[in-house]
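Each remark here refers to the structure printed beneath this line.
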Amino acid sequence: MPTKNHVKISKEITGATNVYGIIGNPVKFSLSPLIQNTVSRYMGLDNVYVSFPVEDGQLEQAIKGAHSLGVRGLNITKPYKQDVMPLLTYIDPLALKIGAVNTLKYEQDGYVGYNTDADGLYTSLLQNNIDLTNQDIIVLGAGGAARAVCMMAANYQAKSIYIINRTLENAQLLANEVKKHYDIDVYILPTGRCEEVPDKAICFQTTSVGMGTSSDTTPIGDCEFFAKLSVAVDLIYNPFETLFLKKAKQSGAYTINGFGMLIYQAIKAYEIWNEIELSDKDLKVLITEIEAEYIRMNV
Ligand code: NAP
């Protein structure tokens with residue numbers, strides 16, 4: 001129990017502090033407060049960022065209430081990335097294509113919605129000198145994250161997209177969505193025919209297989225498949241190196257985990273809210289600091 005003999009005076013939060021937050025369910029374990037508050041301290045802005053768990057059926061009241069209270073910006077996470085869309089005054093065209101919103105910016109008459117997942121992933125690729133232009137892309141999974149990856153790949157002039165998913169109908173629905181917006185070759189494959197992909201492809205693992213307690217699993221175990229990859233990106237960041245990435249690395253692929261995407265999507269949101277652009281130098285310092293803190297938290 002803390003004693004009342006000493007009072008730690010905090011000058012960090014004042015009457016002028018701008019409030020930001022994340023809405024989802026659950027949000028207790030979200031890394032967004034760590035990332036956003038670190039960026040604000042580094043940039044010297046008078047902002048604070050907190051978690052708002054919102055129960056099923058309460059989203060509309062939560063959004064209206066946050067706006068009335070002047071919450072300057074919100075991140076939206078599972079399970080509300082789609083449900084929030086009808087509650088917004090305007091949605092950015094990229095978020096409309098992806099069909100999900102993860103960032104809200106306060107405007108006088110309501111919140112404006114953005115999706116920073118695709119941009120965050122793209123920045124993570126750039127930081128690793130990966131260019132998608134004219135490349136064959138493989139996407140494992142066909143959920144919300146896969147949708148952001150496909151739209152990003154098509155937007156940055158990839159040559160073709162191969163969607164491999166447990167439920168082929170979902171892969172087909174995603175392929176149709178991509179074709180609706182972009183003139184690009186999109187193929188779908190069941191997991192059992194995964195080796196029918198082109199050589200030297202860039203593969204994005206977007207399923208939740210291999211995360212946390214399922215860390216000894218991978219959506220694909222086929223060695224022939226891994227031998228075809230030049231680059232393997234797993235959107236999972238816990239563990240840092242999934243079994244999928246280990247197998248890809250053993251087969252000679254360059255590997256990237258989802259931690260960069262997580263940080264850069266958060267920084268994109270920060271840039272939208274504060275109408276600033278962080279320099280490459282700032283990005284490098286922040287990602288190093290946040291990664292070190294994350295590792296300290298997990299040892
Ligand atoms: P989602 O919409 O629920 O989609 C999940 C996908 O995984 C579906 O395609 C599903 O296949 C597949 N799947 C689930 N369990 C499976 C299993 N046991 N075997 C084979 N396939 C399985 O989820 P999401 O929002 O796209 O998120 C997916 C992953 O991306 C999560 O791990 C999440 O943490 C990660 N993510 C990371 C970031 C980041 O910043 N790094 C951002 C967003 C998401 P079916 O169609 O057959 O059901």
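The values are calculated or read from the model by the stated rules, or taken from the named source; none is laboratory data. This is a predicted model, so every value here is computed, not measured. Note that each Cβ is placed from the backbone with ideal geometry, even for glycine, and that neighbours are counted across all protein chains shown.
This table checks each residue for (1) out of contact with any Asp or Glu (no Cβ under 7 Å at 6 or more places or on another chain); (2) farther than 30 Å from residue 289 by Cα; (3) loosely packed, with under 14 Cβ neighbours inside 10 Å; (4) of a type in the set (Lys, Arg).
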position	(1), (2), (3), (4)
27	yes, no, no, no
39	yes, no, no, no
47	yes, no, no, no
61	yes, yes, yes, no
67	yes, yes, no, no
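Scanning the range 210-233 for residues that are within 16 Å of residue 128 (Cα to Cα), among the small types (Gly, Ala, Ser) and within 16 Å of the ligand (Cβ to nearest atom) turns up just one, 232. Among residues of the range 94-114 that are in contact (Cβ under 8 Å) with a residue 40 or more places away in the chain and assigned to a strand (DSSP E or B), none has a Cβ under 6 angstrom from a residue that is acidic (Asp, Glu) and surrounded by fewer than 18 Cβ atoms within 10 Å (Cβ to Cβ) at a sequence gap of 6+ or on a separate chain. The residue of the range 184-212 that is modelled with the highest pLDDT, among those that are part of a loop (DSSP other than H, G, I, E, B) and among the aliphatic types (A, V, I, L, M), is 184. Scanning the range 49-66 for residues that are more than 22 Å from the chain's Cα centre (by Cα) and hydrophobic (A, V, I, L, M, F, W, C) yields 62, 66. Candidates 153, 142: the one that is modelled with pLDDT of 95 or more, closer than 18 Å to residue 236 by Cβ and surrounded by 16 or more Cβ atoms within 10 Å (Cβ to Cβ) is 142. Every listed requirement among (1) part of a strand (DSSP E or B); (2) loosely packed, with under 13 Cβ neighbours inside 10 Å; (3) not charged (D, E, K, R) is met by residue 14 save one, (1).
For the criterion of being hydroxyl-bearing (Ser, Thr, Tyr), surrounded by 17 or more Cβ atoms within 10 Å (Cβ to Cβ) and either within 16 Å of the ligand (Cβ to nearest atom) or in a loop (DSSP other than H, G, I, E, B) (or both), residue 133 fails. Restricting 154, 118, 148 to those that are more than 8 Å from the ligand (Cβ to nearest atom), aliphatic (A, V, I, L, M), in a helix (DSSP H, G or I) and over 21 Å from residue 254 (Cα atoms) reduces the list to 154. Scanning the range 26-54 for residues that are part of a loop (DSSP other than H, G, I, E, B), more than 27 Å from residue 285 (Cβ to Cβ) and out of contact with any helix residue (DSSP H, G or I) (no Cβ under 9 Å at 6 or more places or on another chain) turns up 26, 28. You will find that of 272, 290, 295, 236, the residue that is more than 24 Å from residue 157 (Cα to Cα), among the β-branched types (Val, Ile, Thr), outside any loop (DSSP other than H, G, I, E, B) and within 15 Å of the ligand (Cβ to nearest atom) is 290 and no other. Among the residues of the range 76-87, those identified as of a type outside the set (Ser, Thr, Tyr) and buried (at least 20 other Cβ atoms within 10 Å of the Cβ) are 76, 81, 84. Answer yes if at least one residue in the range 167-186 is within 14 Å of the ligand (Cβ to nearest atom), surrounded by 14 or more Cβ atoms within 10 Å (Cβ to Cβ) and among the acidic types (Asp, Glu), and no otherwise. Taking every residue of the range 167-186 in turn, at least one turns out to be within 14 Å of the ligand (Cβ to nearest atom), surrounded by 14 or more Cβ atoms within 10 Å (Cβ to Cβ) and among the acidic types (Asp, Glu). Taking the conditions (1) under 17 Å from residue 141 (Cβ atoms); (2) touching a Ser or Thr at 6+ places or on another chain (Cβ under 8 Å); (3) assigned to a helix (DSSP H, G or I) in turn, residue 225 satisfies each one other than (2).
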